[in-house]
Amino acid sequence: MAASIRDGVRMNGRGCAMKIRRALAAILLGLVFAVPTVQADACRFQLGFETLRNLIPDVVGHCLDDEHPSADGSHMVQTTVNGRLVWSKASNWTGFTNGRHTWINGPQGLQRRPNTERFAWETATLPSWESRRLSLAQLLNGEYRLPLLDQEDPVRFEDGRVTIESEGGGATEAVHAGLVDGAAAFGDLDGDGIADAAAPVFIDYGGTGTFVSLVALLDRDGIPVQAARAFLGDRVQVERLSIARGDVFVTMLTHGPDDGLCCPSLYRTRTFRLHGDRLVPGRPLVVESPLPGAAVASGVEVRGRTSAPPPADGLAYLVYDERGGVIGMGRIPVTTAPGEPATFAAPVRFIAGAGGPGRIEIVDVHRHDGSALARTSVRVFLEASGTSERPPPRQIVLETPVSGAVVGTSVDVRGRVSVMPFEKNLAYRVYSEGGLVIGEGAISVEGEYGGPGTFATSIPISVVTEAGPVRIEVRDENEADGSLFTSVAVEVVFAGGL
């Protein structure tokens, strides 16, 4: 089912290029299956909740229950498919949170902020449900259960560090532990609608090793309480940590087949989910070839292995250029042998207008909602697909939407270009969380040839029916050979079909 791009060269002319894009989209769209949205008909909005919901209907979504008092009676709450509405009796403060951002209908009208920030006027009027959110400061000074000197008694960090000393054999032994670079991610891990936390923690026993684990902490009345721990590796480097839909995603540099313990070079994303007192790992993927930093041309064979049951239609691959534009995509078959890990191998094709750094990403895509069950990538040097001359540098500036915006079945896209594109048209793509193309089309640009231009349009997001992250990319493509001049992308949160 892989969408092949013959010999890395497209046919000349916009019509042929559009046919290739449509064919590619048709193949990938077939991998996405609709999941019906569940609506609650017995509940309703009223008073201040109804007012706020009418201001941002796509953000709030349908109700799941009627408004009711909080446990301590200090505020009213109402749960929706996208988050929670809250009204503070003491301050007449009405807001909605989706776990990452809060929208407030307050003294200055409707405003939005991240949950980690506060408006100046909020200081004296925060309702108790907001003040109980976990903070990085709490994690830096919280209690942890770690395997320190053969004991699991809780230890308390101070500013993200702790040293435990003990006497043994006439000498003092010291073990150091702490949060890795003060990193942490916040999100709901146990499904109670309140943000929990995950943090990478290191342990140094005084030798050459530095052992890194992932710790899950639940919000218990505003206090972070450790629920589980999972080992990540010796001297691995955690690059990014995030929580989405109950899963913890850890992107890190780990060790390839030829790496020494000092110098990991293989990028890998691992997924964990909290089950009781365990962090259960997701479906790991390992790329064995090409090696990081290798120079590769279109058609390079990518090989690796996975410990998960192989998908019937294989894994997906995406090739990114230095700017993050997608310049190739397709499928890689997975094979199995009795008693052996599943393996994958296939040529990966892309169209690079010029050589330079890039990345090949392998994704295990959930066939029902397009989310990523597992993903890994390798950074390589991409060789140019053709010899056509490149035009002057081009730039796309995306003004709307902003990163993290919550959108409904359509999203307004607005921005500008430094150089007018061919036939005054840009292209757009909408990607699922797993990297599948779930929508694409053209965007008209206003302006004169040879000069700058502006664009504004509404892009439908009608294929996705389950709430979650999607990525919108605006592309300036070379119609002569299909290569990418430039692109810009932003990740938004689809709030579900309304």
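Brief remarks on what is shown
- Residue in the stretch 60-80 that is at pLDDT 80 or above, within 24 Å of the chain's Cα centre (by Cα) and crowded, with 17+ Cβ neighbours inside 10 Å present: yes
- Test result for Ser483, at pLDDT 80 or above, among the polar types (S, T, N, Q) and over 21 Å from Val59 (Cβ atoms): no
- Val493 vs. criteria assigned to a strand (DSSP E or B) and either under 23 Å from Tyr320 (Cα atoms) or at pLDDT below 85 (or both): yes
- Checklist (1) part of a strand (DSSP E or B); (2) under 19 Å from the mean Cα position of the chain (by Cα) applied to Phe485, failing item: (2)
- Just one of (1) in contact with a helix residue (DSSP H, G or I) (Cβ under 9 Å, 6 or more places away or on another chain); (2) in contact (Cβ under 8 Å) with a residue 24 or more places away in the chain fails for Ser444. It is (2).
- Qualifying residue in the stretch 383-399 (condition: modelled with pLDDT under 80, polar (S, T, N, Q) and within 24 Å of the chain's Cα centre (by Cα)): no
- Strands (runs of 3 or more DSSP E) (entirely within the stretch 252-344) containing at least 2 residues that are in contact with a Lys or Arg (Cβ under 8 Å, 6 or more places away or on another chain): 266-275, 278-281, 285-289, 315-320, 326-332
- Selection within the stretch 264-280: residues that are of a type in the set (D, E, K, R) and within 21 Å of the chain's Cα centre (by Cα). The member of this set that is farthest from Ala197 (Cα to Cα) is Arg268.
- Only one of Pro292, Pro281 that is within 22 Å of Arg359 (Cβ to Cβ) and touching a residue at least 12 places away in the same chain (Cβ under 8 Å): Pro292
- Qualifying residue in the stretch 409-427 (condition: out of contact with any Asp or Glu (no Cβ under 7 Å at 6 or more places or on another chain), surrounded by fewer than 16 Cβ atoms within 10 Å (Cβ to Cβ), closer than 30 Å to Thr97 by Cβ and of a type in the set (Gly, Ala, Ser)): yes
- Taken over the stretch 305-327, residues that are modelled with pLDDT of 90 or more and either touching a Ser or Thr at 6+ places or on another chain (Cβ under 7 Å) or among the β-branched types (Val, Ile, Thr) (or both) amount to 2.
- When the stretch 199-251 is filtered for residues that are in a loop (DSSP other than H, G, I, E, B), of a type in the set (D, E, K, R) and under 18 Å from Gly182 (Cα atoms), only Arg235 remains.
The values are calculated or read from the model by the stated rules, or taken from the named source; none is laboratory data. Everything numeric in this text was worked out from a predicted model, so none of it was measured. Using ideal geometry, Cβ is built from the backbone for each residue, glycine included, and neighbour counts are taken over all protein chains shown.
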